[in-house]
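Okay, structure first, notes after.
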Amino acid sequence: GNSVTQMQGQVTLSEEEFLFINCTYSTTGYPTLFWYVQYPGEGPQLLLKVTTANNKGSSRGFEATYDKGTTSFHLQKASVQESDSAVYYCVLGGSNTNKVVFGTGTRLQVLP
Amino acid sequence: EAAVTQSPRSKVAVTGGKVTLSCHQTNNHDYMYWYRQDTGHGLRLIHYSYVADSTEKGDIPDGYKASRPSQENFSLILELASLSQTAVYFCASRRGLSNERLFFGHGTKLSVL
């Protein structure tokens, strides 16, 4: 079945530092990769969606790509702000399944 | 923007009691999901449904039942609540298959004492 591994449980950065979060995935189908963000007291919300390998998705200064060769996908932002503090989930979906698979989440803390 | 409303926002239940969590969506989505969130586990799928009057088991269905009486409403039922079911529960909806985005409610914080 499909699976996602998100190893970074916690990342702490100072404002204006570079963010990079990486996930690996496993699937037998054609994947769609998502990044969701969850702020305190809210449900997760879509940040980015990438449907084609090596194509870049971007939103709110964040960028995401995925690599079929290494079955990895990552989220990056050149300069984080304190308001980016949240939990970020990598999520694997696809056109051949009813279910998506969530990673375990990366809690980003940005210090002023 | 899709709207998913969960009720209650928080609940305290006693061990062995019955708990019903409700979810309502207003965007004509076929798919609805119940997830459980625990620290260190991310979101895990309990039950889902892609049509009214039908539900499917997710990855952790034991101890939970689901009901989809209409396209708009999806309930999660704990017949005999246990301490281990203390968690935050999220309902989500989606238009189609899993290459479409999910829309989440704000969550229900359940404490079983």
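The values are calculated or read from the model by the stated rules, or taken from the named source; none is laboratory data. Just so it is clear, the structure is predicted and the values come from calculations on it, not from any experiment. Cβ sites come from the backbone with ideal geometry, for glycine too, and all protein chains shown count toward neighbours. The protein model used for the area step is the full one, side chains on, heavy atoms only, and it has no ligands, DNA or RNA in it. Shrake-Rupley method; radii C 1.70, N 1.55, O 1.52, S 1.80 Å.
Report the local net charge at residue A:104: Lys and Arg +1, Asp and Glu -1, summed over other residues whose C-beta lies under 15 Å from its C-beta.
It works out to a net charge of +1.
Between chain A and chain B, roughly 1800 Å² of accessible surface gets buried, counting both sides and using a 1.4 Å probe. Heavy-atom surface analysis with a 1.4 Å probe gives chain A a carbon and sulfur content of 46 percent of its accessible area. Shielding of peptide B:101-113 by partners, expressed as the average count of other chain Cβ atoms within 10 Å per residue Cβ, is 3.
Dipole magnitude for segment A:12-75: about 360 debye, using +1 per Lys or Arg Cβ and -1 per Asp or Glu Cβ, origin at the Cα centre. Normalised per residue, the accessible area of the protein assembly as shown is 47 Å², obtained with a 1.4 Å probe and no contribution from ligands, DNA or RNA. Cβ under 14 Å from residue B:111's Cβ, residue B:111 left aside: what net charge do those residues give with Lys, Arg +1 and Asp, Glu -1? It works out to a net charge of +3.
Taking a temperature of 25 °C and a viscosity of 0.890 mPa s, what whole-number D in µm²/s does Stokes-Einstein yield for segment A:15-112 with Rh from Kirkwood over alpha carbon pairs? The diffusion coefficient I find is 178 µm²/s. Using a cutoff of 8 angstrom between alpha carbon atoms and counting only pairs six or more residues apart, the relative contact order for chain A works out to 37 percent. Taking the inverse of the mean reciprocal distance over all distinct Cα pairs, the Kirkwood hydrodynamic radius of the protein assembly as shown comes to 18.0 Å. How big is D, in µm² s⁻¹, for chain B by Stokes-Einstein at 10 °C and 1.306 mPa s if Rh is the Kirkwood radius over C-alpha pairs? Answer, rounded: 115 µm²/s. Interface residues of segment A:64-112, defined as those with an accessible-area decrease of at least 30 Å² between the chain by itself and the complete set of protein chains (probe 1.4 Å), are A:89, A:95, A:98, A:99, A:100, A:102, A:104.
Legend: calculated FRET efficiency, residue A:67 to residue B:18, from the Cβ-Cβ distance at R0 = 41 Å, rounded to 0.05, equals 0.30. For residue B:52, neighbours were defined as the other residues whose beta-carbon sits under 14 Å from its Cβ, and their charges (Lys and Arg +1, Asp and Glu -1) total -3.
For peptide B:49-60, what's the mean number of Cβ atoms from other chains within 10 Å of each residue's Cβ?
Values: counts 1, 1, 0, 0, 0, 0, 0, 2, 0, 2, 3, 0.
Averaged over the peptide's residues, the number is 1.
Note on residue B:67/residue A:12: beta-carbon distance plugged into 1/(1 + (r/R0)^6) with R0 of 25 Å gives a FRET efficiency of 0.05. Three principal axis extents of segment A:66-112 based on alpha-carbon atoms, in descending order, are 43, 23, 15 Å.
Between the alpha-carbon centres of segment A:49-79 and segment B:19-93 there is a gap of 30 Å. Pairs spanning more than 24 Å between alpha-carbon atoms, out of A:56/B:57; A:49/B:65; A:99/B:65: A:56/B:57; A:49/B:65. Please give the solvent-accessible surface of residue A:21 in Å², to the nearest 10, using a probe radius of 1.4 Å with every protein chain present. Counting only protein heavy atoms, residue A:21 exposes about 0 Å² to solvent. In percent, rounded to a whole number, the relative contact order of chain B is 36, using alpha-carbon pairs under 8 Å and six or more apart.
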